[in-house]
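The values are calculated or read from the model by the stated rules, or taken from the named source; none is laboratory data. For clarity, every value in this text was computed on a predicted model and none was experimentally measured. All Cβ positions, even for glycine, are placed from backbone atoms using ideal geometry, and neighbour counts span all protein chains on display. Side chains included, ligands, DNA and RNA excluded: accessible areas come from the protein's heavy atoms. Shrake-Rupley method; radii C 1.70, N 1.55, O 1.52, S 1.80 Å.
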Amino acid sequence: RQCIESLVEFDYDTGLDPVRAKVKSVVAYSNDLDYAVLRIEDEVRRTPLRLAAEKIVLNATSYLPVNIIQHPRGLRKRIAFRNNLVSRADDNTIRYFTDTDIGSSGSPVCDDSWQVVGLHRGARFVEGVSFQGKSTAYVNFGTQIQAICEDLRLKDPSLYADIIRAQIPH
């Protein structure tokens, strides 16, 4: 699938001129898991974010804070961290309390070791949820990164292998 005149910007928030790369194609996607993997025309060398090796699994005593690196509304980078707990997890989805805003979909959801555990999708209105002693109307949700990896492994083993290979420090 070709992306007509789509660009990816690197170094958007450094104060330097951003590096732009033209998107060549969409090489994988899932409507159900809400992700897309893009291939860019020119190589742009950046250290990739590390992916968590396991899915999030919660039990009655679980306490997992998550942090989100986001560009809400296309603005400069904002990082939501601390007191951002995962409240629920299943095979595909994680639900968490984090300060996000419109336009943050696609942002990495990271654990405290800055390993990506999920891909932010949005927020949902909920009733009867309490967080830190306050009634909460919205809870954020994202896709487990390992659910995306498993989907890629099944759909395109070669692409999956490339992504895993990029995780190995050079």
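Selection of region 1-10 for residues being open to solvent by 50 Å² or more (accessible area, probe 1.4 Å) and either in a loop (DSSP other than H, G, I, E, B) or closer than 18 Å to VAL117 by Cα (or both) yields ARG1, ILE4, GLU5.
For SER158, the test of being out of contact with any Asp or Glu (no Cβ under 9 Å at 6 or more places or on another chain), modelled with pLDDT of 95 or more, farther than 18 Å from ASP32 by Cα and not in a strand (DSSP E or B) is passed.
Please enumerate the residues belonging to region 61-88 that are out of contact with any Phe, Trp or Tyr (no Cβ under 8 Å at 6 or more places or on another chain), in contact (Cβ under 8 Å) with a residue 40 or more places away in the chain, outside any loop (DSSP other than H, G, I, E, B) and open to solvent by 30 Å² or more (accessible area, probe 1.4 Å). ILE69 - this is the single residue of region 61-88 that is out of contact with any Phe, Trp or Tyr (no Cβ under 8 Å at 6 or more places or on another chain), in contact (Cβ under 8 Å) with a residue 40 or more places away in the chain, outside any loop (DSSP other than H, G, I, E, B) and open to solvent by 30 Å² or more (accessible area, probe 1.4 Å).
The number of residues in region 13-26 that are open to solvent by 50 Å² or more (accessible area, probe 1.4 Å) and touching a strand residue (DSSP E or B) at 6+ places or on another chain (Cβ under 9 Å) comes to 4. Considered as a group, the residues in region 94-116 that are open to solvent by less than 50 Å² (accessible area, probe 1.4 Å) and either acidic (Asp, Glu) or modelled with pLDDT of 95 or more (or both) include one that is farthest from the chain's Cα centre (by Cα), and that residue is ASP111.
On the given criteria, is ARG95 under 19 Å from ILE148 (Cβ atoms) and out of contact with any helix residue (DSSP H, G or I) (no Cβ under 7 Å at 6 or more places or on another chain)? Against the criterion (under 19 Å from ILE148 (Cβ atoms) and out of contact with any helix residue (DSSP H, G or I) (no Cβ under 7 Å at 6 or more places or on another chain)), ARG95 qualifies.
Of LEU119, LEU38, all but one fail to be in contact (Cβ under 8 Å) with a residue 24 or more places away in the chain, assigned to a strand (DSSP E or B) and open to solvent by 80 Å² or more (accessible area, probe 1.4 Å); the exception is LEU38.
Could you look through region 131-154, keep only residues that are within 13 Å of VAL86 (Cα to Cα) and among the polar types (S, T, N, Q), and pick out the one that is surrounded by the fewest Cβ atoms within 10 Å (Cβ to Cβ)? So that I can check it myself, show each step before the final result.
Initially, region 131-154 is screened for residues within 13 Å of VAL86 (Cα to Cα), giving 131-132, 139-144.
Adding the requirement that they be among the polar types (S, T, N, Q) leaves 132, 140, 143-144.
Numbers: GLN132: 8, ASN140: 25, THR143: 21, GLN144: 24.
So the residue we want is GLN132.
Annotation: SER158 fulfils all but one of (1) touching a Leu at 6+ places or on another chain (Cβ under 9 Å); (2) open to solvent by 40 Å² or more (accessible area, probe 1.4 Å); (3) of a type in the set (Gly, Ala, Ser); the unmet one is (1). Selection over region 11-35 of residues that are under 17 Å from ASP156 (Cβ atoms), out of contact with any helix residue (DSSP H, G or I) (no Cβ under 6 Å at 6 or more places or on another chain) and assigned to a loop (DSSP other than H, G, I, E, B) gives a count of 2. Of everything in region 122-155 that is among the small types (Gly, Ala, Ser) and outside any strand (DSSP E or B), the residue that is modelled with the lowest pLDDT is GLY133.
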